[in-house]
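Each remark here refers to the structure printed beneath this line.
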Amino acid sequence: MTTAQSQAVHETGADARRPERRMPAEEGVWVFLFGDMTVFAILFGVYLFYRGQDPALFDASQLKLNQTFGVINTLVLLTSSLLVVTAVRAVRENAFQLARILTYAAMACGVIFVANKAIEYGQKITHGIVPGTNQFFMYFYVMTGLHLFHVVIGLALLGFVVKLTRKPALVDREQGYLEGAACFWHMVDLLWIVIFPLLYLVK
Amino acid sequence: MLIVLLRDRVTAVWLFLIAATLAAWILGVGHELPHRYAAVCIIVLALTKVHFVGRYFMELRHAPAALTAVFGVWTVVAAGVLIGLYLFA
């Protein structure tokens, strides 16, 4: 085998290992996701700006939060994301039933998140801690509330994914919808990955 | 099939993300570091996790370079702005 032939074989092998670059979901979905992520990023920035004006108040208020809720919710969402990406890959392998089970498991994680948040809100409200308590808790309720709203939308989208997995096969457009719903769920995870440390950990 | 699907780099990334979450928790609740160092480490760790969620869960590692670049820029700018505001606001 000549060097050129050997190189050609080597390159073909490398190409076979490297999947073709393709857009996950529709372009419009990404415009929406980046828009949403940027709105949250501005909110994170505003929070840190006001924290800088009165760090003592923010630190004292943060002590009233229970970090365990935040950690458990982070682990729950990370696990749900693994389940969703595995479901998407299962669909590509035509394992629709497995994809459905994985999506249901991810939805269960989402429900655990919501239940956890409801318990946390309940505890805070019982102790008289509401959005009007001070600036920290105003941001706490606004950020976690907006995020919770996204979790609920994400759960509805995962329900749509379950519906798609009941079809015998997916056309390209439906595959795009599936990936779009999955990416929305990952964004919900991604936003919590930033909200949790900012509110619960950063002193 | 599930075992085949889980025997992938995505699962290793999930394990890393779990470990990073626990590391950030330790940095947030109990350590000897000054608060400012811990806070900057926590923010960097969070945005590193964001990078991995994008690359492996959102599958941007297989996406067109432009989309990957936009996501990368968002992550770096967010990290810069958040650290800047934390330190100087």
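List pairs: first residue in the stretch B:78-89 and small (Gly, Ala, Ser), second residue at pLDDT 95 or above anywhere in the structure, Cβ distance under 7 angstrom, at least six positions apart or on different chains.
Once the first residue is small (Gly, Ala, Ser) and sits in the stretch B:78-89, its partners that are at pLDDT 95 or above give B:ALA78/A:ALA41; B:ALA78/B:LEU47; B:ALA79/B:ILE43; B:ALA79/B:VAL44; B:ALA79/B:LEU47; B:ALA89/A:LEU48; B:ALA89/A:PHE49; B:ALA89/A:GLY52.
So which pairs qualify, if the first residue must be in the stretch A:188-203 and more than 7 Å from every other protein chain (Cβ to nearest Cβ), the second must be of a type in the set (Gly, Ala, Ser) and part of a helix (DSSP H, G or I), the Cβ gap must be under 6 Å, and the two must be at least 6 apart or on different chains?
Correct list of pairs: A:VAL188/A:GLY154; A:PHE196/A:GLY70.
Give me the pairs: first residue in the stretch A:32-44 and on the phi < 0 side of the Ramachandran plot, second residue surrounded by 13 or more Cβ atoms within 10 Å (Cβ to Cβ) and not in a helix (DSSP H, G or I), beta-carbon distance under 9 Å, and six or more apart or on different chains, which are they?
From residues that are on the phi < 0 side of the Ramachandran plot, the pairs are A:LEU33/A:ALA25; A:LEU33/B:MET58.
Report, by residue number, each residue of the stretch A:120-162 that is within 30 Å of A:VAL85 (Cβ to Cβ) and of a type in the set (D, E, K, R).
Of everything in the stretch A:120-162, just one residue is within 30 Å of A:VAL85 (Cβ to Cβ) and of a type in the set (D, E, K, R), namely A:GLU120.
Could you please tell me which pairs satisfy a Cβ distance under 6 Å, a separation of 6+ or placement on different chains, a first residue in the stretch B:1-24 that is of a type in the set (Ser, Thr, Tyr), and a second residue that is surrounded by 13 or more Cβ atoms within 10 Å (Cβ to Cβ) and part of a helix (DSSP H, G or I)?
Qualifying pairs under 6 Å: B:THR21/A:THR74.
Table: residues versus (1) more than 14 Å from every other protein chain (Cβ to nearest Cβ); (2) farther than 15 Å from A:LEU77 by Cβ; (3) without any contact (Cβ under 8 Å) to a residue 60 or more places away in the chain.
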| position | (1), (2), (3) |
| --- | --- |
| A:PRO131 | yes, yes, yes |
| A:MET138 | yes, yes, yes |
| A:VAL142 | yes, yes, no |
| A:VAL152 | yes, no, yes |
| A:VAL171 | yes, yes, yes |
| A:GLU179 | no, yes, no |
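Between residues in the stretch B:26-43 that are in contact (Cβ under 8 Å) with a residue 24 or more places away in the chain and residues that are not in a helix (DSSP H, G or I), which pairs lie under 6 Å by C-beta distance while being six or more apart or on different chains?
So the pair list comes out as B:ALA39/A:VAL202.
If you take the residues in the stretch A:45-75 that are in contact (Cβ under 8 Å) with a residue 40 or more places away in the chain, of a type outside the set (A, V, I, L, M) and closer than 15 Å to B:ALA46 by Cβ, which one is surrounded by the fewest Cβ atoms within 10 Å (Cβ to Cβ)?
Looking at the filtered set, the residue picked out is A:GLN67.
The values are calculated or read from the model by the stated rules, or taken from the named source; none is laboratory data. Worth saying up front: this structure is predicted, and the values here are computed from it rather than measured. Note that we place each Cβ from the backbone using ideal geometry, even for glycine, and neighbour counts take in every protein chain shown.
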